[in-house]
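My structure is below; once you've seen it, I'll send some questions.
The values are calculated or read from the model by the stated rules, or taken from the named source; none is laboratory data. Fair warning: this is a prediction, and the values are worked out from it, not measured in the lab. Note that we place each Cβ from the backbone using ideal geometry, even for glycine, and neighbour counts take in every protein chain shown. Each accessible area value is taken on the protein alone, full model and side chains, heavy atoms only, with ligands, DNA and RNA left out. Shrake-Rupley method; radii C 1.70, N 1.55, O 1.52, S 1.80 Å.
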Amino acid sequence: TFNVTRTNGAVVTHPIATTFSEDGLSLTFGSIYGILNNSNVICFNEGTKITCLNKESNTDMEVNIESLQENMYVKTYKHGYIPIKHLAHRTIENPDNDDIVRKRLYICNPDEYPELKEPLIMTGCHAILTDTISESQRALMTEQLGEIFITDDKYRLLTMYDTRARPYRTPGEYKVWHVCLEHYDQEMNYGIYANGLLVESCCERNILNGDYLRMNFLQK
């Protein structure tokens, strides 16, 4: 048998000559064969409300992410209202456990995030934008991503490493969504508001290269 230590410290034992997947790493013991899969799913759960511009009243309005349209403008942290370029979705399988892994859902509750108007559910690699990160968060994200990323003047704190967020333990298959706003640089993203919390939007490169079904794909 082989023991695998998970990121939460739990040890799982697997017999020789079996295949399993552990947070994106597929292994076949006995042949020592491994594949590191891209499981950096950066998405909101369906029903998440994104702050947009109401063109008729010139005020903010909240729109469920799956209902966004190509002619809508999303409110950003530093850049006013930016038009939507891509809307995309995919499905993930959420487990019934407390494992701190990337490809699962986490819940942020208003008692931990005063900005929230209602609970926010999103994937582990989706970043909350924050002024500071701890040394342990810096070390974990450097190990995970290779470097620390910043949007405007905010750190991108992965939800899975934010101690205020909790694993969402309702199991099942979920449709998750993300939105990409117009920008000339495919690597760039914005700060946007989801259920009132400042989080990252998806850059174009991630949507184009990820395993997403794109909706409202705009050609300018």
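Of the conditions (1) modelled with pLDDT of 95 or more; (2) more than 25 Å from residue 67 (Cα to Cα), residue 170 clears all except one; give me its number.
(2)
Would you confirm, using the coordinates I've provided, whether residue 214 is open to solvent by 70 Å² or more (accessible area, probe 1.4 Å), part of a helix (DSSP H, G or I), on the phi < 0 side of the Ramachandran plot and at pLDDT below 95?
On the way: open to solvent by 70 Å² or more (accessible area, probe 1.4 Å): yes; part of a helix (DSSP H, G or I): no; on the phi < 0 side of the Ramachandran plot: yes; at pLDDT below 95: yes.
Spelling it out, it is not the case that residue 214 is open to solvent by 70 Å² or more (accessible area, probe 1.4 Å), part of a helix (DSSP H, G or I), on the phi < 0 side of the Ramachandran plot and at pLDDT below 95.
Residue-by-condition table, conditions (1) outside any loop (DSSP other than H, G, I, E, B); (2) aliphatic (A, V, I, L, M):
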site: 107; (1), (2): yes, yes
site: 114; (1), (2): no, no
site: 136; (1), (2): yes, no
site: 148; (1), (2): no, yes
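Next question, about the same structure. Which ones in region 116-134 are in contact with a Cys (Cβ under 8 Å, 6 or more places away or on another chain) and not in a strand (DSSP E or B)?
Taking region 116-134 first, the residues in contact with a Cys (Cβ under 8 Å, 6 or more places away or on another chain) are 116, 119-123, 126, 128.
Correct list: 116, 119, 126.
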